[in-house]
Amino acid sequence: IPGRVSQAFDVVAPQVLLDGGNVHSVYPPGNSVGPYEDTLPHVVLRRRTLPWARSGPSVPDKPNSVTPWVALLLFDDSTTHQDREELPMPSGADGDGALPMKARDFIKDSPGVKVPTIQLSEGTKDLSCRAIEVDGDVFTRIAPTCTDLAWLAHARKVSIADKDILSLEEEEWFSVVIANRMPQVGKNIVHLVSLEGLGQFLPNPVTKQRSPELPPGAKLRMVSLASWSFHCRE
């Protein structure tokens, strides 16, 4: 066609960093104190497709299964539960235990630390992200299995007629990612993590046992896309 111009473009989903506007709300609220023992923490995202925007872990014997690429991990960080401390606070970490680093450094192999098997675009490599390193035993105990993941994220349509309008273009569709554990009495920390490239480390979907890909003593490095903390009281 005369005068036609072709333009190549890429459709890119977030990988190591979420725009702050993507998180609509969290529950329990950040820095709150309340009787949350019977509440599953969750985060509401403004994009209804965001949990499925990248490839999630595959389900054995179900090659066409679709799972979220993100999960909400809940860590017990109460000072009264030192025997159950689940998220170390390394030097230089923020209040939620995450270390700032460049994305290119996030995927570098480190002694005793397993990292995601992912490819970063040139534009992503120089981005700053936040990472947590979780002991393999802790990860196996608290992480969902690949079959659990399908039940831990959903899209939801809500009426905003009686709610504050966040913007003139605010939509009624949201996505929700739910944790797979109840809070413990004391301080709890929640991280929305990426599972892209980490599917092989998830607990066995049948036996819940540790993955053979995660050697004893090894830690697992994950990117934290969002985090908050709260206190659960009796």
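The values are calculated or read from the model by the stated rules, or taken from the named source; none is laboratory data. Values in this document were obtained by computation on a predicted structure and should not be read as measured data. As a convention, Cβ positions derive from the backbone with ideal geometry for all residues, glycine included, and neighbour counts pool all protein chains shown. Heavy atoms of the whole protein, side chains included, go into the accessibility calculation; ligands, DNA and RNA do not. Shrake-Rupley method; radii C 1.70, N 1.55, O 1.52, S 1.80 Å.
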Subset tally (residues that are more than 18 Å from residue 134 (Cα to Cα) and not hydrophobic (A, V, I, L, M, F, W, C)) for the range 110-124: 5
Tally of residues being within 24 Å of residue 58 (Cα to Cα) and open to solvent by 60 Å² or more (accessible area, probe 1.4 Å) across the range 81-125: 5
Listing of strands (runs of 3 or more DSSP E) fully contained in the range 96-200 that carry 2 or more residues being at pLDDT 95 or above and closer than 25 Å to residue 37 by Cα: 128-135, 153-157, 173-178, 186-194
Pair list, Cβ under 7 Å, 6 or more apart: the range 194-210 residue closer than 24 Å to residue 53 by Cβ, other residue of a type in the set (Val, Ile, Thr) and open to solvent by 30 Å² or more (accessible area, probe 1.4 Å): 197/117; 205/147
Boolean, residue 16 is of a type in the set (A, V, I, L, M), part of a loop (DSSP other than H, G, I, E, B) and over 21 Å from residue 95 (Cβ atoms): no
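Taking the criterion of being of a type in the set (A, V, I, L, M), open to solvent by 20 Å² or more (accessible area, probe 1.4 Å) and over 21 Å from residue 227 (Cβ atoms), would at least one residue in the range 139-150 satisfy it?
Yes, the range 139-150 contains at least one residue that is of a type in the set (A, V, I, L, M), open to solvent by 20 Å² or more (accessible area, probe 1.4 Å) and over 21 Å from residue 227 (Cβ atoms).
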